[in-house]
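Trainee: The structure that follows is given in the form of structure tokens.
The values are calculated or read from the model by the stated rules, or taken from the named source; none is laboratory data. In this text, all values refer to a predicted model and were calculated from it rather than measured experimentally. Positions of Cβ are backbone-derived with ideal geometry, glycine not excepted, and every protein chain shown enters the neighbour counts.
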Amino acid sequence: MLIDLAKAKEANATKRNPAQTRMQILTAAMVEFATHGLSGARVDEIAARAETNKRMIYHYFGSKDGLFGAVLEEAYATFQDAQNAAAADTTDPLTSLKKIVEATWAFYRDQPEFIVLMNDENVHRASHLRHCFMLKRRAPKAVALIGDTLARGRELGLFRDIDPEQLSLTIDALCYHYFSNRFTMEVMHDKEFMTDKRLNQRLDEICSTILCVVHIRDGKLSPDEP
């Protein structure tokens, strides 16, 4: 789960803190929205799960739709932070690119609620995200992160000239599709897709695909590899 509800409750019980209360509500709302969708989610249930009352929810978020938008924004922000942290772990562009892919994959793998929320928001044609101005400011930074990595790779003669936005979309699509469609694919392929072996196989395949897309020495991880 993106946020630990138990820890949020404990911190808030120790000292009433508006920021902690808000986060506690967001965490409870994420569970309710991921379980029942926007239309089926009930504010009463969110309040009970967050150990607060509806008045506080409306105070912080205005409405159920406002709360749904805030949950989406928090989820996307956490997602982007994970990518940023991964890329910052090394200055080597080859490793940075691989870590961005791995961070994207790990986020979708470990946060199934996020996939459900995204699917629901697409049904609503992103009507809630359109009002998330902070998210709109953050999104270009995610593309810039990949752009910086590609630029460093080009300087070393490793990467071809490629649109960072297109590469970002490709990475996201490859990772997202596996988890968002795993139930139907398991039926069609008659295989369990969430075993460690198959997860590792798929991640390796995605990394190899991305390396080929950017033309890194015929897909090799290092220019010194034989």
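Trainee: Failed condition for GLU192, given (1) at pLDDT below 95; (2) loosely packed, with under 15 Cβ neighbours inside 10 Å, with all others met?
Mentor: Of the numbered conditions (1) at pLDDT below 95; (2) loosely packed, with under 15 Cβ neighbours inside 10 Å, the odd one out for GLU192 is (1).
Trainee: Which ones in region 61-81 are surrounded by fewer than 16 Cβ atoms within 10 Å (Cβ to Cβ) and in a helix (DSSP H, G or I)?
Mentor: Matches in region 61-81: ASP65, GLY66, ALA77, THR78, ASP81.
Trainee: Follow-up. Could you identify the single residue in ALA29, ALA87 that is touching a Lys or Arg at 6+ places or on another chain (Cβ under 9 Å), under 27 Å from ALA142 (Cα atoms), aliphatic (A, V, I, L, M) and at pLDDT below 95?
Mentor: Of the residues listed, the single one that is touching a Lys or Arg at 6+ places or on another chain (Cβ under 9 Å), under 27 Å from ALA142 (Cα atoms), aliphatic (A, V, I, L, M) and at pLDDT below 95 is ALA87.
Trainee: Related question: Test CYS175 against the criterion of being in contact with a Ser or Thr (Cβ under 7 Å, 6 or more places away or on another chain), assigned to a helix (DSSP H, G or I), at pLDDT 95 or above and hydrophobic (A, V, I, L, M, F, W, C), and give yes or no.
Mentor: For CYS175, the condition - in contact with a Ser or Thr (Cβ under 7 Å, 6 or more places away or on another chain), assigned to a helix (DSSP H, G or I), at pLDDT 95 or above and hydrophobic (A, V, I, L, M, F, W, C) - is met.
Trainee: Would you confirm whether or not region 91-104 contains a residue that is of a type in the set (Ser, Thr, Tyr), assigned to a helix (DSSP H, G or I) and crowded, with 20+ Cβ neighbours inside 10 Å?
Mentor: yes
Trainee: Please pick out the residue among GLU74, GLU121 that is assigned by TED's automatic domain parsing to the domain that holds ALA151, of a type in the set (D, E, K, R), within 18 Å of the chain's Cα centre (by Cα) and under 23 Å from HIS177 (Cβ atoms).
Mentor: The conditions single out GLU121.
Trainee: When the residues of region 24-42 are filtered to those that are without any contact (Cβ under 8 Å) to a residue 40 or more places away in the chain and surrounded by 17 or more Cβ atoms within 10 Å (Cβ to Cβ), which remaining residue is nearest to HIS124 (Cα to Cα)?
Mentor: So the residue we want is ALA41.
Trainee: If I filter region 106-117 for residues that are among the polar types (S, T, N, Q), under 26 Å from ALA173 (Cβ atoms) and assigned to a helix (DSSP H, G or I), do I get at least one hit?
Mentor: no
Trainee: Please work out which residue is surrounded by the most Cβ atoms within 10 Å (Cβ to Cβ), limiting yourself to region 124-147 and to residues that are free of Cβ contacts under 8 Å to residues at least 60 places away in the same chain and closer than 15 Å to SER96 by Cα.
Mentor: Restricting to residues being free of Cβ contacts under 8 Å to residues at least 60 places away in the same chain and closer than 15 Å to SER96 by Cα, the top hit is ILE146.
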